[in-house]
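Read the structure below first, then the notes.
The values are calculated or read from the model by the stated rules, or taken from the named source; none is laboratory data. Please read all numbers here as calculations on a predicted model, not as lab measurements. Cβ placement follows ideal geometry from the backbone for every residue including glycine, while neighbour counts extend to all protein chains displayed. Surface areas here come from the heavy atoms of the whole protein model, side chains and all, with no ligands, DNA or RNA. Shrake-Rupley method; radii C 1.70, N 1.55, O 1.52, S 1.80 Å.
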Amino acid sequence: IRSLCTYKISGNSELFAADAATIWNITATPSDEVTGQTGGEYSTVQFETSGGNFLFAPNGVDSLQRYDGTNWLTVTGVSADAITGVTTSTLSHVWVYKNRLFFVQGGTMKSWYLAVDSIAGAANDLTLAGVFQRGGSLLFGATWSIDAGDGVDDKCVFVSTQGEVAIYEGSDPGDPNDWALVGRYDLGGRPLGKNAVMRAGGDLLIATTDGLVPLSAALSKDP
């Protein structure tokens, strides 16, 4: 087993586990729900819209998977509820910021995002190539909330494989008047993986080769 995730809605919770070939529902008796996969290191996020509550699960190797509480759907550029503009099998990480789905295109400096409150449609690209200075590629993204909740002060965080952090504020990456780089910082060590991050109160904790680093410390202290 390489990944675990939960899907929660209306007081009910389901637990999923993934190996390289299969996504299993292990809430009770294990059952294979997605087969024929080739990579088991998933990033997952649950995203609610007026059309339902969805679990998104990219792994950077296979086409994007989406769960609606009943069925899993393989999301491609030509599927039902297609995502266009990017090959979904290249998407390796997912997170939500300001009611938008953001993705990392594995092995590149590119992030992709959808329209507000959308689970499909045209994806727009956002490159960090001119921001990071130590090479590598974009590893993961996250929402950093100073007040420990979802609010107007939220920042969008991008982290590279080399331990560089770029922080943006605003709501629309496509609007230069509503999207701005706050700063670029160093974690010191390299992150231990795309899922090596967790929210703790109003901070983000990132597991690196130098230990567990709070994002607030990376902003205020030299490595």
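With a/c under 1.5 counting as rounded, go ahead and sort region 131-223 into rounded, prolate or oblate using the C-alpha gyration tensor (a ≥ b ≥ c being the square roots of the eigenvalues; past the cut-off, prolate if a/b is larger than b/c, else oblate).
Details: a/c = 1.84, a/b = 1.28, b/c = 1.44.
It comes out oblate by the Cα gyration axes.
Ordering R199, R66 by accessible area with a probe of 1.4 Å, largest first, what comes out?
Details: R199 105, R66 15 Å².
The most accessible residue leads, giving R199, R66.
Across the chain, how large is the tail of the calculated P(r) beyond 21 Å, expressed as a percent of all Cα pairs?
55
Give the relative contact order (percent, whole number) for the chain; include only Cα pairs under 8 Å separated by 6+ residues.
Numbers: 542 pairs, mean separation 21.6, N = 223.
That works out to 10 percent.
Within region 196-212, whose backbone N sits under 16 Å from a point 7 Å along Cα→Cβ of L4?
Residues 196-198 qualify, since their backbone N sits under 16 Å from the label point.
Using a Förster distance of 30 angstrom, determine the FRET efficiency expected from the C-beta separation of T35 and L181, and round it to 0.05. Let's see the in-between values first.
On the way: r = 42 Å, r/R0 = 1.41.
It comes to 0.10.
Just from its helices, what would the mean residue ellipticity at 222 nm be for the chain, if runs of 4 or more DSSP H residues each count -39500 (n - 2.57) and the sum is divided by every residue, rounded to the nearest 500 deg cm²/dmol?
Numbers: 1 runs with 6 residues, N = 223.
Roughly -500 deg cm²/dmol at 222 nm, from the helical runs in the chain.
Compute the accessible area per residue over the chain, keeping the other protein chains in place, probe 1.4 Å, unit Å². Write out the running numbers ahead of the final one.
Numbers: 10020 Å² over 223 residues.
Using a 1.4 Å probe on heavy atoms only, each residue of the chain averages 45 Å².
For region 170-221, what class follows from the C-alpha gyration tensor (a ≥ b ≥ c being the square roots of its eigenvalues): rounded when a/c is under 1.5, otherwise prolate if a/b is larger than b/c, else oblate? Numbers along the way, then the final one.
Working: a/c = 2.15, a/b = 1.99, b/c = 1.08.
Prolate.
With a 1.4 Å probe and all protein chains left in place, how much of the accessible area of the chain comes from carbon and sulfur atoms, in whole percent? Could the numbers behind the result be given before it?
Working: 4870 of 10020 Å².
Carbon with sulfur: 49 percent of the solvent-accessible area.
Could you compute the net charge surrounding T76? Neighbours are other residues with a C-beta less than 15 Å from the C-beta of T76; K and R count +1, D and E count -1.
Working: positive: R66; negative: D62, D81.
Computed value for this residue: -1.
Quick check on packing: order 20-29, 184-193 by the mean number of other C-beta atoms within 10 Å, highest mean leading. Working shown, then result.
On the way: 20-29: 14.6, 184-193: 17.6.
Ranked from most to least packed, the peptides come out as 184-193, 20-29.
Quick one: grab the alpha carbon gyration tensor of region 1-69, order the square roots of its eigenvalues as a ≥ b ≥ c, and give me rounded if a/c is under 1.5, else prolate or oblate depending on whether a/b is larger than b/c. Provide the component values of the computation, followed by the final result.
Numbers: a/c = 2.17, a/b = 1.32, b/c = 1.64.
Because a/c hits 1.5 or more and a/b fails to exceed b/c, region 1-69 counts as oblate.
What does the charge count near Q133 come to, summing +1 for each Lys or Arg and -1 for each Asp or Glu among other residues with Cβ under 11 Å from its Cβ? It would help to have the intermediate numbers written out before the result.
Values: positive: R134, R184; negative: E164, D186.
Surrounding charge for Q133 is 0.
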